[in-house]
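Participant: Mind looking over this structure? Questions follow.
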Number of protein chains: 2
Amino acid sequence: MNYRFVARQLGLLLVVMSVALAATMIYELILVWGGEADAGEAMAARALGISTSLGAILGGTIWFFTRKHDQDWALARREAMLLVATSWVIGAALAALPFLLWAHLGSSHADHPFRTFTACYFEAMSGLSTTGATVLGGEHSKIADLPKGLLLWRSLTHWLGGLGIVVLFVAVLPMVGTAGKKMFSVESTADKGGVRPRITETARVLWLIYLGLTVLCIMLLKATGKMGWFDSVNHAFSVMGTGGLSTNDASIGGFDSVAVDLILTAFMILAGVNFVVYFHLVQRRWRSVLDDVELRIYLALKILVTVVIALNLLNVGYKTTAGADVEGGFFTMLRYASFQTASLQTGTGFCTADYDAWPMMSVTLLMGLMLIGGCGGSTAGGFKVFRFWVLLKVLFAALERAFRPNVVRPIKVGKTTIEDDTKLSCLVYFAMMILLTALGTTLTLLFEEPNGIDVQTAASASYASLCNVGPGLHGVGATRNYGWMQPATLWVQSALMCLGRLEVYALLVLLVPRFWRGD
Amino acid sequence: MNYRFVARQLGLLLVVMSVALAATMIYELILVWGGEADAGEAMAARALGISTSLGAILGGTIWFFTRKHDQDWALARREAMLLVATSWVIGAALAALPFLLWAHLGSSHADHPFRTFTACYFEAMSGLSTTGATVLGGEHSKIADLPKGLLLWRSLTHWLGGLGIVVLFVAVLPMVGTAGKKMFSVESTADKGGVRPRITETARVLWLIYLGLTVLCIMLLKATGKMGWFDSVNHAFSVMGTGGLSTNDASIGGFDSVAVDLILTAFMILAGVNFVVYFHLVQRRWRSVLDDVELRIYLALKILVTVVIALNLLNVGYKTTAGADVEGGFFTMLRYASFQTASLQTGTGFCTADYDAWPMMSVTLLMGLMLIGGCGGSTAGGFKVFRFWVLLKVLFAALERAFRPNVVRPIKVGKTTIEDDTKLSCLVYFAMMILLTALGTTLTLLFEEPNGIDVQTAASASYASLCNVGPGLHGVGATRNYGWMQPATLWVQSALMCLGRLEVYALLVLLVPRFWRGD
């Protein structure tokens, strides 16, 4: 294992994060100097400043002392996996720092969740893994009461996490080798149409696309007149990473605007699409886009489920997350249904409606979409549409093989024949997600047993964390948060978020002893 | 498709079932003539008599008119699958008849569940699939109030169902072809050591072993002095099929006897072992038995979980199913823990303790055992130990492949190398069980939504039905029953039982259009 190489890249990561921290600090300082801010804001500026310094010093030191590393890493699969895993695990520790420092430096309430490192780490991991679960929202920890610099930092962790996923998983890691490609970039979707000229070129284009979409989203949100620049930027960051953290305690329902709902619905859908599709669009390969089976299934699922839920919601009384009664006909229901399906399918986790009060059918469909998730190679979470499609085809083929064992019919998705290796890996991934959800649910139930917790809360929280969604049902529903959980449970949920974001393998391999041995 | 052959075998099945029905009718008539019986018993004799006649006439007619069938069925895989599926589906209809007739002929209470065909079919399918879920136990439908002939018929359906599984799945179906063997007899466990001389010989030995164990169980239960002949026979039938229906409303807890508990625990464990093991024992192939990896894991899991639960239960207050407080130290807890682990692991479903009140850890472990199930080639339900072991090995291998894609290490269970086909089929089976449980839970939640139902009840009921266990948690817990469910839900649960018993494929293939076409 080339630890020197991994350490050097981690050092670089810490420096990059420090730059981002510095940016939020500067924003905070501008507020303070402009006289717009209270003492809490000033304290946030200080917390951000200390974090920036610590990150830069630590990262810089590591970077400096590992400058003599082995340059040949093109085939270093294990190093790449270790780097990815530690990037999120250690990155979240730095990202948690401003929250913790602010809570202890400032005059936060004694019950504020940010006074414990566990809760801060949870919030940071939720951010970087683009999950969007929050410990905030209690009586003494309203989101709106958080200093603006910290709010921006929360949203920025989403954006950075999403960028990491798009660039790392779609551009960099597939180059490491065949299995890397198989594992990280949802099989064949990433290499059709020749998306692999040179790493840096691909990464550059993807990053520009990501940035371009973010800027477009900011502009559109600002243009609605319902959001100021601050909210527009925060929500654009959040939506592009399919994160879900909001600056509003009632999430998007708090803005109560059809325009905002529509724009965010559109951008959630856009963020859940394989970024290779945009790569094709930029290169004017229309055919590749039109032939993308995963994209078609993704959109078809979204539309179908939305219409069914909208019909199911007719004459059902429920409230928005802001507490207002929802009234109206099919189109109003379509608005809320469309928003929530996009939000849960892509694992964003924004909420406009308190879907906990929806009929069982709608809730079930939402949970189903949550598990299937978005497209591979996007910032969305979950099992991924491509894998889901392969899974269905494999199951159906298994039924046919049961009565005709000698007929071997190749399984195809679009024009691509699915290899045995891919079939096995989809099934393995499914089994892992189920077992991890079961394990997470069990641990959550055990740790929360003294306080009483229902299975729906435990299971949906674990499921939502693993799928990087954020809100679940009941105790962690649309209008609730994770702040009531025991520290042990918060660690479990943090681990699930990280596992989900790194598609299980990159983190779990660290538990295999042979991974660490040179053989 | 050779319908004539399938129909002829079905006709034969109906005739065989009529013989069993006739036996219970004769028992009932002896009671009536002996003056031991009330009017209800006499009505039951009449119901059993009518059912016997109908079954015999229908079966005999089909048998007669299909006598000119194609004799060559040795390779007729689809016919075998259709036969297996229809045997359980149609067999349950005949088995339900005595219940329905008795309820309508006699003076059963207007609220008695047996007044609907749905509930009778559920009870019959629960019997034949060796599940052991019951609709009885309500205020007006105490199990103890059922005529003895019908009680005996319930237990007998377990025994017949178990016999069908052992003989069909272990002896007959593997001979149909390779895939048949793969599918029905849990892969390689059935053909190691040469268990395939000739179909009839194997079937004869297995049937004698099954009968011998049953007789031994009856003798031992009677010898305890806590059960009369009637209860001994019923519970021996029930335990050998890993069924779980009891003649006592409080299940085995109603007998409150250490000896009965120990004997039934032992026989539940015995019934969960691959019957090929007994075949080896009869042939004095000790080595084959000692080398059986599945058997070792099965017993190790059972012992380990039992000890953990017993420790977990120290100082926990709970009641037996008969309502008595359980007090005492480690050995008392071991008694109840050992009984419940054996019961849920093998899918028997007998209860001595109301485990719903056990700590979360114990309940979770019980549910885990339930999913894993017993050994392949036994009458037990669930995923099966062998598949579970392969699944774990495949998942671990996948992790290793993630960082060393070029190292191909064969997966072994004992000395047997697991082929790719087997790996895929274990994963597919796991995915199917999960998806079917999810589907069952969803439908149960939807159908019971108007009456209010918690997720634990819906999920554990679906899970317990698919694993052929019987009791689940909460609303279908150890001291409850399925009688409160809506007809639609009962059909869902009946379908799950049948799917679980036939290891999914044999029933699901009927939904594949190509199965019915000749091509």
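Participant: Residue farthest toward the positive end of the dipole of the stretch A:328-421, with Cβ of Lys/Arg at +1 and Asp/Glu at -1: which of A:GLY329, A:VAL408, A:PHE388?
Facilitator: A:VAL408
Participant: Return the chain A residue and its Cβ-to-axis distance, rounded to the nearest Å, for the rotation relating A to B.
Facilitator: Closest Cβ on chain A to the axis mapping it onto B, in Å: A:LEU427, 2.
Participant: Give me the inter-chain shielding for B:504-517: mean count of other chain Cβ atoms within 10 Å, whole number please.
Facilitator: Taking all residues of B:504-517 together, the mean is 3.
Participant: Report ³J(HN,Hα) in whole Hz for each residue of the stretch A:277-282, in order, from the Karplus equation J = 6.51 cos²θ - 1.76 cosθ + 1.60 where θ = phi - 60°; Gly and Pro get x.
Facilitator: 4, 5, 4, 5, 4, 4
Participant: To continue, here is another question. Roughly how much of B:PHE386 is accessible, in Å² to the nearest 10, using a 1.4 Å probe?
Facilitator: About 10 Å², ignoring ligands and nucleic acids.
Participant: Turning to a different aspect of this structure: Say a label goes 7 Å from Cα toward Cβ at A:PHE331 in every copy; what distances in nm does this one have to the rest, shortest first?
Facilitator: 7.8
Participant: Here's a follow-up. Quick one: in the stretch B:423-517, what % of C-alpha pairs are over 19 Å apart?
Facilitator: Of the Cα pairs, 41 percent sit more than 19 Å apart.
Participant: While we're here: Every other copy gets compared here: list the nm distances from the B:GLU449 label point (7 Å along Cα to Cβ) to its counterparts, shortest first, one decimal.
Facilitator: 3.3
Participant: What three numbers, in Å, describe the spread of the alpha carbons of the stretch A:300-357 along their principal axes, ordered from the longest?
Facilitator: 28, 21, 15
Participant: Quick one: how many Å² of B:ILE411 are accessible to a 1.4 Å probe, rounded to 10?
Facilitator: For B:ILE411, the solvent-accessible surface is approximately 10 Å².
Participant: Hey, for B:LEU299 with labels 7 Å out along Cα-Cβ, what do the inter-copy distances come to in nm, ordered shortest first?
Facilitator: Those separations, rounded to one decimal, come out as 6.1 nm.
Participant: For a 31 Å ceiling on Cα separation, which of these pairs sit above it: A:LYS68/A:LYS423; A:LYS319/B:LYS319; A:LYS226/A:LYS384; A:LYS423/B:LYS415; A:LYS415/B:LYS415?
Facilitator: In this structure, A:LYS68/A:LYS423; A:LYS319/B:LYS319; A:LYS226/A:LYS384; A:LYS415/B:LYS415 lie more than 31 Å apart at Cα.
Participant: Leaving ligands and nucleic acids out of the surface, order B:THR86, B:THR417 by accessible area at 1.4 Å, largest first.
Facilitator: Reading off the accessible areas and sorting them downward yields B:THR417, B:THR86.
Participant: Convert 4 °C to kelvin, take the viscosity as 1.567 mPa s, use the Kirkwood radius over C-alpha pairs of the protein assembly as shown as Rh, and evaluate the Stokes-Einstein diffusion coefficient in µm²/s, rounded to a whole number.
Facilitator: Translational D for this selection: 42 µm²/s.
Participant: Take peptides A:161-168, A:464-471, A:375-382, A:99-106 and line them up by average Cβ neighbours within 10 Å, highest first, as a rough protection proxy.
Facilitator: A:464-471, A:375-382, A:161-168, A:99-106
Participant: Are there GluC sites (Glu not before Pro) in the stretch A:1-61 that DSSP puts in a loop and that have at most 15 other Cβ atoms within 10 Å, and which ones?
Facilitator: Sparse-neighbourhood loop GluC sites (Glu not before Pro): A:GLU36.
Participant: Using +1 at the Cβ of each Lys and Arg and -1 at the Cβ of each Asp and Glu in the protein assembly as shown, identify which of A:TRP102, A:SER378, B:GLY138 lies farthest towards the dipole's positive end.
Facilitator: A:SER378
Participant: Assigning unit charges at the beta carbon (Lys, Arg +1; Asp, Glu -1) and nothing else, what dipole magnitude in debye, to the nearest 20, does chain B show about its Cα centre?
Facilitator: So the magnitude is around 2020 debye.
Participant: Turning to a different aspect of this structure: Please give the average number of partner chain Cβ atoms lying within 10 Å of the Cβ of each residue in B:77-85, rounded to a whole number.
Facilitator: 1
Participant: Let me ask you something else. What 222 nm value per residue comes from the helices of chain B, counting each DSSP H run with n ≥ 4 as -39,500 (n - 2.57) and dividing by all residues, nearest 500 deg cm²/dmol?
Facilitator: One gets -20500 deg cm²/dmol as the mean residue ellipticity at 222 nm.
Participant: Size of the dipole of the protein assembly as shown about the Cα centre, Lys and Arg at +1 and Asp and Glu at -1 on the beta carbon, nothing else charged, in debye to 20?
Facilitator: 4020
Participant: Can you work out the accessible area per residue across the stretch B:364-498, with the rest of the protein chains kept in place, probe 1.4 Å, in square angstrom?
Facilitator: Computed with neighbouring chains in place, this is 32 Å² per residue.
Participant: Also, quick follow-up: Taking every alpha carbon pair in chain B, what does the distance histogram look like in 20 angstrom bins from 0, in percent?
Facilitator: 23, 58, 18, 1
Participant: Given 10 Å bins starting at zero, what is the percent of C-alpha pairs of the stretch A:286-384 in each, up to the one with the largest pair distance?
Facilitator: With a bin width of 10 Å, the distribution comes to 16, 47, 26, 9, 1.
Participant: Give the accessible area for A:TYR463 in Å² (nearest 10); use a 1.4 Å probe, count only protein heavy atoms, and leave out ligands, DNA and RNA.
Facilitator: My reading of the accessible area for A:TYR463 is about 40 Å².
Participant: Please report, in debye to the nearest 20, how large the charge dipole of the stretch A:423-517 is about its Cα centre when each Lys and Arg carries +1 at its beta carbon and each Asp and Glu carries -1 there.
Facilitator: Dipole of the stretch A:423-517, to the nearest 20 debye: 420 debye.
Participant: What average count of beta carbons from other chains do you get within 10 Å of the Cβ of residues in B:364-377?
Facilitator: Average per residue, whole number: 1.
Participant: Moving to a separate point now. Can you tally the net charge around A:TYR121? Count Lys and Arg as +1, Asp and Glu as -1, for every other residue whose Cβ sits under 15 Å from the Cβ of A:TYR121.
Facilitator: Net charge in that neighbourhood comes out at +2.
Participant: Quote the total accessible area buried by chains A and B together, excluding ligands, DNA and RNA, probe 1.4 Å, nearest 100 Å².
Facilitator: 4200
The values are calculated or read from the model by the stated rules, or taken from the named source; none is laboratory data. Please read all numbers here as calculations on a predicted model, not as lab measurements. Counting neighbours? That spans all protein chains shown, and the Cβs are built from the backbone with ideal geometry, glycine included. Surface accessibility is based on the protein's heavy atoms, side chains included, excluding ligands, DNA and RNA. Shrake-Rupley method; radii C 1.70, N 1.55, O 1.52, S 1.80 Å.
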